[in-house]
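Here is the structure we will look at.
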Amino acid sequence: MVCLGNICRSPLAEGILASKLPKELFHVDSAGTGHWHIGDPPDRRSIVTAQKNGIDISKQKGKLFKPSFFKEFDYIFVMDNNNYLDVIEMAANEEEKQKVQLILDQVFPGEKVDVPDPYHGVLSNFDEVFEMLNEACEILSQKLIEKHTNL
């Protein structure tokens, strides 16, 4: 899960998706394309929003997206079109580019819908982002579990 600073959207997406998948079968992580919050916990509003929904993201630490993640992960979900372009630029080949998808393509296939960045907003903006990501992660988790159990 990738957003700009790795303190608002991607930590929520990581926590939501991880809560929907068997931990022994899947590893979910998040990172940012910007370096400002490396080592920082998620934004307190993301933590509060996750907690209200039964998910603890308070132990996460911000990290920078690295090209090595293309080899470490099967899928890379980005929160918006700018993150998509930033991550695609780091891909070494077409195979790596194919791993990158907009998270909301799960809900709105091919429409290139962004998850809005709630950083400059209020708590209710984080609730709205949570709902968007929860819907996308519900669809995604079902697809991943189905694919994994059909291998």
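The values are calculated or read from the model by the stated rules, or taken from the named source; none is laboratory data. Given the structure is predicted, the values throughout are model-derived calculations rather than measurements. In this analysis, Cβ positions are derived from the backbone assuming ideal geometry, glycine residues included, and neighbour counts consider all displayed protein chains. Just the protein is used for accessible areas: all its heavy atoms, side chains included, with ligands, DNA and RNA removed. Shrake-Rupley method; radii C 1.70, N 1.55, O 1.52, S 1.80 Å.
Identify the GluC sites (Glu not before Pro) of region 111-144 meeting these criteria: DSSP loop state and at most 16 other C-beta atoms within 10 Å of the C-beta. Provide the component values of the computation, followed by the final result.
On the way: sites: E111, E128, E131, E135, E138; in loops: E111.
Hits after loop and neighbour filter: E111.
Principal axis analysis of the Cα atoms in region 29-105 yields extents of 39, 26, 22 Å, listed in decreasing size. S30 sits among other residues whose Cβ lies under 12 Å from its own Cβ, and their net charge, with Lys and Arg +1 and Asp and Glu -1, is +1. Across the options V113, T149, L123, the greatest Cα extent toward the positive end of the charge dipole of region 105-151 (unit charges at beta carbon of Lys, Arg, Asp, Glu) belongs to T149. Inter-part distance, region 79-110 to region 50-65, computed on C-alpha centroids, equals 22 Å.
For K63, the lysines whose Cα falls under 26 Å of its own Cα, not counting residues fewer than eight places away in the same chain, are K20, K23, K52, K71, K97, K99, K112.
The accessible-area ordering, largest first, of the residues H148, H37 stands as H148, H37, per a 1.4 angstrom probe. Principal axis extents of the C-alpha atoms in the chain (largest first, rounded to whole Å): 38, 32, 30.
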